[in-house]
Amino acid sequence: MEKKGVLLVFTLMLTIFLVFSAVSVNAEGNIETKNVLLKFSLNKGESITKSIVISSPTGGDARLSVEGIENGVFLSEESVVFDKGEERTIGVFFNSSSVSEGVYVGNIKISLEGDEKRIPVIFEVESKDVFFDGNLEIPSKYSDISPGSQITVQLNVFDLLSGGGTSDGLGSSSVDVEYSVRDLYGDVLVSEKENFVVDKKAIVSKSISFPKDVVEGQYVFSAVINYKSSIGTSTDLFTVSKKSSGSLLDFEGSISNLSLILIFIGFMFIVLILFFMYIIRDRDKLVLELKEYNTQELQRSKSLMREQERIVGKKEGIRKNAKKKKELQKEIKNKLEKIKKKNEERLKEFKKLREKGDVDAMKRKLGEWKKRGYHTEVMEYKLKGLTEGEMKNLLQKWKKKYGAGK
């Protein structure tokens, strides 16, 4: 039985491994990238070149494009031919001269033979001279919200000319702040404006509600701070999802390879735990069954001894002889001790098989002991004062009471 169980578990593990391997290969796809986000902030007139790393396990002709940002972000290559397993570095050029101050959100789309990857892009362009800048923070409880719920952010606005509060700076000044929420395709979902006074530093909270039909995915919350010719920006990412946590999903909303690995490991751990629990329970159950059988056998032996004692005790020469009665009691005690010792040896042998985990051998051994039964050995425990004929008559009555062969 145990060998069949081990074979079953092994077959199950092999099947799951093969299925997992197939799913994992499909999950990897034709395109892979080490970049999860490109986010840069430049002052008007500045430019910078960054890079993304792309590889293809299968090889082929890949197409690259920037979506959601019409100007300001350019790729060094829009078509790349990969050899199998080849890794390539693509330049991404950010130029603030060709766009106005503000926040631009989009993505770099990479497609190859039906497979598609997207890298989110956030490009912040501030004025050449910034008097008021900000730091937008999304509390962890709002980093992943459900459709139809509300998000609350905290914006810290500070006067850069105050030197961190060591000087007066611009003093009490009125600033205009424009809040926006964009998806990773550059579309604006929400846009609101407000005005407040900043004296060296100000901390404000902003809440925005979303409709129940909002599309699940990643979004960018931005704040643009205007003061005369000064424009400062700050952004942060959050997720809209029906799940309590979006950690199992990548940008496209599919299950990530890491998630598949964790699910597989967790499932295999549960299978192994259940299997070992079954083996341990089965072994312990057999030990309890043997103990119960030994106890039952000892009780029957005591009953048989008492019947023998009753017959022998009535015989002439024993009934009135205290010495012979004492010898009779000692003989009974010795025979019961012999039965107990035999039961202890059985249990000791059984426990050795349990330590080896050989459940089949335990079941086989218990079956042999039960099949042999107490009746085949009972003549060994006949008292000296009893004749064989008396013993056979007593056994016939005893067998009727307890059942033959048990």
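Can you spot a residue in the stretch 70-90 that is surrounded by fewer than 20 Cβ atoms within 10 Å (Cβ to Cβ) and either under 19 Å from THR233 (Cβ atoms) or without any contact (Cβ under 8 Å) to a residue 12 or more places away in the chain (or both)?
yes
Out of the residues in the stretch 182-208 meeting the condition of being of a type in the set (Ser, Thr, Tyr) and surrounded by 12 or more Cβ atoms within 10 Å (Cβ to Cβ), tell me which one is nearest to GLN150 (Cα to Cα).
Residue satisfying both the conditions and the ranking: SER191.
Taking the stretch 165-198 as the search range and keeping residues that are among the small types (Gly, Ala, Ser), in contact with a strand residue (DSSP E or B) (Cβ under 8 Å, 6 or more places away or on another chain) and over 27 Å from VAL121 (Cβ atoms), which one is modelled with the lowest pLDDT?
GLY165
Taking GLU349 as the residue in question, decide whether it is assigned by the TED database to the domain that holds ILE311, modelled with pLDDT of 80 or more, closer than 21 Å to LEU288 by Cβ and surrounded by 11 or more Cβ atoms within 10 Å (Cβ to Cβ).
yes
Do you know which residues across the stretch 57-73 are polar (S, T, N, Q) and farther than 23 Å from VAL105 by Cα? Give the derivation first.
Pass one, the stretch 57-73, residues polar (S, T, N, Q): 58, 65, 71.
Correct list: THR58 only.
If GLY171 meets every condition in (1) within 42 Å of the chain's Cα centre (by Cα); (2) in a loop (DSSP other than H, G, I, E, B); (3) not hydroxyl-bearing (Ser, Thr, Tyr) apart from one, which number is that one?
(1)
If I filter the stretch 110-141 down to residues being closer than 13 Å to SER205 by Cα and touching a residue at least 40 places away in the same chain (Cβ under 8 Å), which single residue comes out as nearest to the chain's Cα centre (by Cα)?
ILE138
Regarding ASN294, is this residue in contact with a helix residue (DSSP H, G or I) (Cβ under 8 Å, 6 or more places away or on another chain), crowded, with 16+ Cβ neighbours inside 10 Å and modelled with pLDDT of 80 or more?
Yes, satisfied.
For VAL80, are the conditions met, namely being among the aliphatic types (A, V, I, L, M) and assigned to a loop (DSSP other than H, G, I, E, B)?
Taking the combined requirement at face value, the residue does not satisfy it.
Among (1) within 26 Å of GLY29 (Cα to Cα); (2) crowded, with 20+ Cβ neighbours inside 10 Å, where does SER111 come up short?
Result: SER111 passes all but (2).
LYS335: surrounded by 13 or more Cβ atoms within 10 Å (Cβ to Cβ), of a type in the set (Lys, Arg) and modelled with pLDDT of 80 or more, yes or no? Let's see the steps before the verdict.
Details: surrounded by 13 or more Cβ atoms within 10 Å (Cβ to Cβ): yes; of a type in the set (Lys, Arg): yes; modelled with pLDDT of 80 or more: yes.
So LYS335 passes the test.
The values are calculated or read from the model by the stated rules, or taken from the named source; none is laboratory data. Keep in mind the model is a prediction, meaning the values are calculated, not measured. Counting neighbours? That spans all protein chains shown, and the Cβs are built from the backbone with ideal geometry, glycine included.
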